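Student: Below: one structure in structure tokens.
The values are calculated or read from the model by the stated rules, or taken from the named source; none is laboratory data. Being a predicted model, the structure only gives us computed values, none of them experimental. No Cβ is skipped: glycine too gets one built from the backbone with ideal geometry, and neighbour counts run over all protein chains shown. For the accessible areas, the whole protein counts, side chains as well, though only heavy atoms, and no ligand, DNA or RNA atoms are used. Shrake-Rupley method; radii C 1.70, N 1.55, O 1.52, S 1.80 Å.
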Amino acid sequence: MRNVIYAINITLDGCCDHTKTIADDELLEHYARLLRDDADLLVYGRKTYQLMVPYWPDVAKDPSSTKADKDFAQTFVSKNKIVFSRSLESAQDKNTKIVRTNLRDEIVKLKQEPGKSILVGGVDVPSQLMELGLIDEYRLVVGPIIGGEGRRLFEAVNLPEKRRLKLVESKTLKSGCVALRYLKQ
């Protein structure tokens, strides 16, 4: 059975606005490794998908991109993606499928298929998956920044009961960010 991995960058105070987090070469390398080694399917909601595409496909084609940008971008572009959206008319890349059916049913079905893990990003779709108990692993990169304002991670999540996680890995990056990996118990 495939695992569902939720990966996101946050500030120390839990802000998950991408404009308030650190995005340096080491962080890009961290996520490129995650995509290459652990995941073969990316799942997003419309907002996150539209943040990622066409931005990263454009970076992949830009000869002036840094090595880290290009490596992450090319890895991202090569992955299959599913976007849960009722409003998105069409996908901007050939590896993307738009799904309008029930999130729970689709993720349960995808978990049964052969392959590497399913990587989920953003806030809305992962929040729903948390409530449904369908996230197996959490990979948070906590930056040494206090965002002060903005959307907070897990702020809209209503769990029927407390969930216990087990810390299985932590790594401090040169920027002061800490990459944490938790498994559902």
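Student: Add +1 for every Lys or Arg and -1 for every Asp or Glu among the other residues with Cβ under 12 Å from the Cβ of residue 53, and state the total. Walk me through the numbers before you get to the answer.
Tutor: Values: positive: 46, 47, 79, 81, 94; negative: 58, 93.
Neighbourhood net charge equals +3.
Student: Using θ = phi - 60° and the Karplus curve 6.51 cos²θ - 1.76 cosθ + 1.60, what whole-Hz ³J(HN,Hα) does each residue of segment 79-93 get, with Gly and Pro shown as x?
Tutor: 7, 6, 9, 10, 10, 8, 7, 9, 10, 6, 6, 8, 8, 8, 9
Student: Ok, one more. If Lys and Arg each add +1 and Asp and Glu each add -1, what is the summed charge of the other residues whose beta carbon sits under 12 Å from the beta carbon of residue 75? Show your work: numbers first, answer last.
Tutor: Details: positive: 33, 36, 70, 79; negative: 29, 37, 38, 40, 69, 71.
Residues close to residue 75 contribute a combined charge of -2.
Student: Another question, if that's okay. Rank 166, 47, 70 by mean-square fluctuation in a GNM of the chain with C-alpha springs under 10 angstrom and give only the top-ranked residue.
Tutor: Fluctuation is largest for 166.
Student: Normalised by the number of residues in the chain, what is the relative contact order in percent for Cα pairs under 8 Å and 6+ residues apart?
Tutor: Values: 336 pairs, mean separation 65.2, N = 185.
Once normalised by length, the contact order is 35 percent.
Student: If I model a spin label as a point 7 Å beyond the Cα along the Cα-Cβ vector, how far apart are those points for residue 93 and residue 79 in nm?
Tutor: Simple spin-label model gives 0.9 nm for this pair.
Student: Which FRET efficiency value, to the nearest 0.05, do you get for residue 100 and residue 124 by plugging their Cβ-Cβ distance into 1/(1 + (r/R0)^6) with R0 = 22 Å?
Tutor: Details: r = 15 Å, r/R0 = 0.68.
For R0 = 22 Å, the calculated efficiency reads 0.90.
Student: In addition: Once amide H atoms are placed 1.01 Å from N in the peptide plane, what residues at a sequence separation of 5 or more from residue 116, or on another chain, have their amide H within under 5 Å of its amide H?
Tutor: 40
Student: Pulled fully out, how much extra length does the chain show between residue 38 and residue 172, if you take 0.36 nm times their separation in residues and subtract their Cα-Cα distance? Don't jump to the answer; show the numbers that get you there.
Tutor: Working: separation 134, 0.36 × 134 = 48.24 nm, distance 2.01 nm.
Gain on extension, residue 38 to residue 172, equals 46.2 nm.
Student: Ordering 64, 127 by how much accessible area each has at a 1.4 Å probe, largest first, what is the list? Don't skip to the answer; put the middle values down first.
Tutor: On the way: 64 95, 127 15 Å².
Order by accessible area, largest first: 64, 127.
Student: Does segment 21-107 classify as rounded, prolate or oblate by the C-alpha gyration tensor (a ≥ b ≥ c root eigenvalues; a/c under 1.5 gives rounded; else a/b over b/c gives prolate, otherwise oblate)? Write down the numbers at each step before the final one.
Tutor: Numbers: a/c = 2.22, a/b = 1.69, b/c = 1.31.
It comes out prolate by the Cα gyration axes.
Student: What accessible area per residue comes out for the chain, rounded to a whole number of Å², with a 1.4 Å probe?
Tutor: For the chain, the per-residue accessible area is 54 Å².
Student: Find out how many positive minus negative residues lie around residue 163, taking Lys and Arg as positive, Asp and Glu as negative, among other residues whose Cβ is under 14 Å from that of residue 163. Don't jump to the answer; show the numbers that get you there.
Tutor: Numbers: positive: 162, 164, 166, 184; negative: 131, 136, 137, 161.
Once positives and negatives cancel, what remains is 0.
Student: With labels modelled as points extended 7 Å from the Cα through the Cβ direction, what inter-label distance (nm, one decimal) is found for residue 165 paired with residue 55?
Tutor: Here the answer is 2.2 nm between the modelled labels.
Student: Taking 0.36 nm per residue of sequence separation and subtracting the Cα-Cα distance, how much length would be gained by fully extending the chain between residue 116 and residue 158, in nm to one decimal?
Tutor: Values: separation 42, 0.36 × 42 = 15.12 nm, distance 2.86 nm.
Full-extension gain reported as 12.3 nm.
Student: A follow-up question, please. Can you give me the long-range amide H partners of residue 81? Hydrogens built in the peptide plane at 1.01 Å from N, cutoff under 5 Å, separation of 5 or more residues or another chain.
Tutor: Result for residue 81 returns 42, 96, 97.
Student: Mind jotting down the distance between the C-alpha centroids of segment 155-182 and segment 38-83, whole Å?
Tutor: If you average the Cα positions of each part, the centres end up 23 Å apart.
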